[in-house]
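Working notes, structure below.
The values are calculated or read from the model by the stated rules, or taken from the named source; none is laboratory data. The model shown is predicted, which means the values in this text are computed figures rather than measured ones. Positions of Cβ are backbone-derived with ideal geometry, glycine not excepted, and every protein chain shown enters the neighbour counts.
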Amino acid sequence: MMYCDEVIAEVWRNRDAYTARNHNSLAEILADLRELQKRPDCKIVDRRDLSGIQAQIPRYRETITQSHDLPA
């Protein structure tokens, strides 16, 4: 039996509804996201610049390792 989390189920429902509104077409989804990004009140995350994130990874790993007693 697969574990079903209410939050995950809601995310999946929203994802399915969004893709259905765009006819399950990747081209339409991308076009919609590009139009959404043009709105001044909406900023979609751009993961191409990882310079700020890269500096945080060692600290994050250290925190996770310490909190779970995992080998480094």
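The table that follows gives values for the structure above.
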item: Residue satisfying all of: in segment 9-40; of a type in the set (D, E) and at pLDDT 95 or above; surrounded by the fewest Cβ atoms within 10 Å (Cβ to Cβ) among these; result: D16
item: Test: residue in segment 41-57 that is in contact with a Cys (Cβ under 8 Å, 6 or more places away or on another chain) and modelled with pLDDT under 90; result: no
